[in-house]
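Presented below is the structure to which this report refers.
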Amino acid sequence: MSGEARTHPTARSPVLPLPTGLWPSVRKRTRADWPVVLACWALLACALGLLSAGSLYTESVTLAGLHRELAAAPPAARSLVVRTQILAERLQVADAAITPELVATLSITGGELTRALVSAPLADAATDPGSVTRLLSLASYEGLDRHAVLATGSWPVPGRNPVEVTVSETAARILGIGAGSTLSLVGRLDHQPVTVIVTGTWRADPGDAYWLGDPLLLEGSSTTGSFTSVGPLMADAADLTGGPVHGTLDAAWRAVPAITGFRPDNLDAVATSVDGLGARINAALPESNQATLTTKLPAIVAAVDRSVLVATSGILLLLVQFAVLGGYAVLLVASLLLERRRTETALLRARGAGFGHLLTMAAGEAMVVTVPAVLVAPWIAAGLVLLVARNPALAAIGLLE
């Protein structure tokens with residue numbers, strides 16, 4: 001028909017697929033330009049690894065230094081020892097007041113709580129009381145069989161007559177006794193006779209904090225004035241609280257915190273728990289049985305806390321430098337990829353790519369570089385710290401412990 005106008009379809013510009021359909025293009029572009037992508041990934045992985053290594057090294061060095069300073073303190077100084085003179089029938093009341101307080105303190109770091117009972121001094125029954133210079137005592141140390149090695153014989157059985165005891169090898173040599181020996185003793189205060197039979201000997205490890213460096217336990221004897229204490233003769237607790245031993249007992253609750261349980265973030269909690277511990281215990285005890293707390297742990301914790309602060313501050317500058325280096329690496333990688341993709345970006349815009357398309361492709365390529373770098377960085381950091389720890393000059397700090 002000549003009067004009708006003909007219409008022609010309007011030419012449309014090619015339209016890129018939705019952003020979610022651009023991932024194949026990202027993969028192809030990454031494979032085609034893999035040397036540059038690999039170089040960017042290596043740069044970013046090394047920067048993140050170095051930053052992670054700085055943080056890991058700081059934590060490891062601080063923790064190792066903290067544990068080393070605590071280990072350098074004498075066991076008796078870093079332990080909590082609550083001691084009181086008490087009659088056997090009141091021991092349970094004292095235990096109910098003291099044990100929960102020490103358990104609460106040890107719950108922060110972990111460790112071991114044991115009770116030691118020591119009788120009043122004894123002497124050889126055959127020695128004239130006026131010429132006695134050597135004193136002995138019956139004792140019961142909770143956990144002795146876990147910390148001492150039985151050298152000869154066997155551990156004592158409670159309720160026997162004569163009372164069964166064991167003695168350290170060093171004390172046995174001083175006394176000239178061994179398994180099977182019988183000792184006739186008499187109380188220095190109540191003059192009551194006590195007969196004991198030695199069932200075995202044991203040896204102690206001087207490096208074990210359980211002994212608190214006590215020379216009587218480790219060396220078998222200690223001298224005070226004109227008297228030399230030897231032993232002690234280790235019996236079961238039942239023989240001291242309900243056996244032939246009479247009079248008051250020297251009772252000690254010994255809390256030994258675990259060194260590995262101390263961390264920079266719980267030092268304040270330890271100091272707070274120990275502060276006022278003696279007052280809280282005495283408030284719970286009957287007035288007739290007050291206790292004394294012996295420890296230097298607060299002073300040790302304060303000194304260690306200052307050392308941790310100095311060590312952390314000294315490495316803080318290094319961490320800031322690593323952070324700056326990591327940020328620079330990220331900017332460098334972004335600039336490198338942006339410059340590399342400048343021409344392609346212009347072509348994509350010419351073909352109708354919108355902001356969403358370009359953002360999706362950039363995010364996809366960033367994930368290809370960033371995600372593997374983040375996954376590898378901790379392993380790089382661990383390897384760097386391991387290499388530093390293997391340095392002979394740093395082996396003494398115990399970085400790998």
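The values are calculated or read from the model by the stated rules, or taken from the named source; none is laboratory data. Since the model is a prediction, treat every value here as computed from it, not as a measurement. Here Cβ is always computed from backbone atoms with ideal geometry, including for glycine, and neighbour counts include all displayed protein chains. We work out accessible area using only protein heavy atoms, side chains counted, and drop any ligands, DNA or RNA first. Shrake-Rupley method; radii C 1.70, N 1.55, O 1.52, S 1.80 Å.
Within the range 252-286, being surrounded by 18 or more Cβ atoms within 10 Å (Cβ to Cβ), out of contact with any helix residue (DSSP H, G or I) (no Cβ under 7 Å at 6 or more places or on another chain) and either more than 30 Å from A139 (Cβ to Cβ) or among the charged types (D, E, K, R) (or both) holds for one residue alone: R254. Here Q192 passes the criteria (1) touching a strand residue (DSSP E or B) at 6+ places or on another chain (Cβ under 6 Å); (2) closer than 17 Å to D239 by Cβ except the one numbered (1). Residues that are open to solvent by less than 30 Å² (accessible area, probe 1.4 Å) and out of contact with any helix residue (DSSP H, G or I) (no Cβ under 7 Å at 6 or more places or on another chain) within the range 82-113 comprise A94, L102, L106, listed in sequence order.
The helices (runs of 4 or more DSSP H) found entirely in the range 11-102 that carry 1 or more residues being at pLDDT 75 or above and out of contact with any Asp or Glu (no Cβ under 6 Å at 6 or more places or on another chain) are 34-72, 75-78.
Beta carbons closer than 7 Å, at least 6 apart along the sequence or on distinct chains, pair a first residue in the range 62-91 that is under 20 Å from I259 (Cα atoms) with a second that is surrounded by 18 or more Cβ atoms within 10 Å (Cβ to Cβ) and among the hydroxyl-bearing types (S, T, Y) for S79/T295; L80/T105; L80/T295; V81/T295.
In the set (1) within 31 Å of the chain's Cα centre (by Cα); (2) open to solvent by 30 Å² or more (accessible area, probe 1.4 Å); (3) β-branched (V, I, T), the condition left unmet by T223 is number (1). Scanning the range 114-126 for residues being surrounded by fewer than 21 Cβ atoms within 10 Å (Cβ to Cβ) and closer than 28 Å to D275 by Cβ gives a total of 2.
Would you pick out the residues in the range 252-273 that are among the polar types (S, T, N, Q) and touching a residue at least 40 places away in the same chain (Cβ under 8 Å)?
Of the residues in the range 252-273, the ones among the polar types (S, T, N, Q) are 260, 266, 272-273.
Of everything in the range 252-273, those that are among the polar types (S, T, N, Q) and touching a residue at least 40 places away in the same chain (Cβ under 8 Å) turn out to be T260, N266, S273.
From G231, G242, grab the single residue that is in contact (Cβ under 8 Å) with a residue 60 or more places away in the chain, open to solvent by less than 40 Å² (accessible area, probe 1.4 Å) and either within 20 Å of I86 (Cβ to Cβ) or within 36 Å of the chain's Cα centre (by Cα) (or both). Being in contact (Cβ under 8 Å) with a residue 60 or more places away in the chain, open to solvent by less than 40 Å² (accessible area, probe 1.4 Å) and either within 20 Å of I86 (Cβ to Cβ) or within 36 Å of the chain's Cα centre (by Cα) (or both) holds for just one of G231, G242, which is G231. Return the only residue of V308, V301 being modelled with pLDDT of 80 or more, touching a helix residue (DSSP H, G or I) at 6+ places or on another chain (Cβ under 7 Å), closer than 26 Å to L66 by Cα and surrounded by 15 or more Cβ atoms within 10 Å (Cβ to Cβ). None of the other options fit; the residue is V301.
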